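Encoded as structure tokens, the structure appears first; notes follow it.
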Amino acid sequence: MENLEQIHQTLGDIDARVPDALRVALGLGYRASPTPAPGEDDEVADFAASLLQPPATDDGAGDRGPTEHDAAAPRIDWASCYVPLHDHDAHFGNTKAGVLGVADGVGAYAESGVDAGAFSRGLMTSASAEVAALEPGAHVCPRALLERAYDETAASGAPGASTAVILSLAGNALEWAYIGDSAFAVLRGSKIVFLSTPQRHLSRTSLKKLRFSSTAARRKQRLFSSSDPPFQLSAAGEHSDSVLDAKAGQLAVRAGDVVVVGTDGLFDNILEEQLELAVQMGTRLGFSPKNMADIIAGVAYESSKRLRKGKPDDITVLIAFIVQSDL
């Protein structure tokens, strides 16, 4: 986790790191350079448009299948950005093992004077230690890792509750396990090819709304409320969902894919279209995973401050590039 000075620096650099072209493309509402007068060329808008053009392909080479040169299993190149508000989020990553995780402490516990980030930190600390102790090349099952991390955290007596998601790259497959509304997306060619579905205990009102909403509308409208708490893990059995309720699965991935992992502070404050645009522009500009994590966290942070439309919260973003291993 970044220290407080680094976090303040990230916040201070958000405007500098989000160039005007990104602001225009992502609809962030303002930009640093003057807006041209009517009839004048808008070089910023033109530059943004050029970045959003589909990349040129060479006789379909961009869609080719794996070749003998690509036989080695891919690996991850990852980085994170954490913008705290209540400081209830936690995360970890292990490049050699190809494992990432985020957790989000349930803020309602803070109203009772409880450290609402204790359980999320316990989950990620335990998971990180488990992975670090494995032999090189050992397979990591996300569900089993989440179960062990939960058992250790619950046994420690850590207060509060947490959502969580753990991802593991195993060969050409991205495996996952998650509970609650911490989430992840996989993008290929800057388009979302998989987006995890939040687990929530829905009220009658929300269930009724969902009956009359399309899939696209459900993602873009705020149909959930505080009466729809996410699934969560805690040491207090009567207030905890079971770790066995965690969703698990896998998806085939390949070099060039981008994985975005985050807490609800990210996914509640960024539209799918914005996420796709940010990844597309960042890829064209040659952003590193850290650059891209900072940019995406910056977009979510600015959105979180918008009246009525934003949701102020801790924002954790992990970006993992799927890259080809050296043969």
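None of the figures in this text is laboratory data; all of them are computed from the coordinates on show. Quantities reported herein were computed from a predicted structural model and do not represent experimental measurements. Because the Cβ atoms are built from the backbone with ideal geometry, glycine has one as well, and the counts that use them run over all protein chains shown.
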Residues other than VAL279 with Cβ under 12 Å of its Cβ, Lys/Arg counted +1 and Asp/Glu -1, net out at -1
Summed over the other residues with a beta carbon less than 13 angstrom from that of CYS141, with K and R at +1 and D and E at -1, the charge totals -1
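Classify segment 99-177 as rounded, prolate or oblate from the Cα gyration tensor: take a ≥ b ≥ c as the square roots of its eigenvalues, call it rounded if a/c is under 1.5, otherwise prolate when a/b beats b/c and oblate if not. Don't jump to the answer; show the numbers that get you there.
Working: a/c = 3.27, a/b = 2.08, b/c = 1.57.
Note, shape of segment 99-177 comes out prolate.
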With 0.36 nm assigned to each residue of separation and the Cα-Cα distance removed, LEU251 to HIS86 gains 56.1 nm
Ranked output for segments 259-265, 273-279 by mean other Cβ atoms within 10 Å, highest leading, reads 259-265, 273-279
Of 244-256, 163-175, ordering from highest average Cβ density within 10 Å down gives 163-175, 244-256
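Of HIS201, HIS86, HIS91, how do they rank once you tally other Cβ atoms within 10 Å and put the fewest first? Write out the running numbers ahead of the final one.
Numbers: HIS201 12, HIS86 15, HIS91 26.
With the sparsest Cβ surroundings first, the list reads HIS201, HIS86, HIS91.
Treat the count of other C-beta atoms within 10 Å as a stand-in for reagent exposure and order TYR150, TYR178 from fewest to most. Write down the numbers at each step before the final one.
Working: TYR150 25, TYR178 29.
Ranking TYR150, TYR178 by Cβ neighbours within 10 Å, fewest first, gives TYR150, TYR178.
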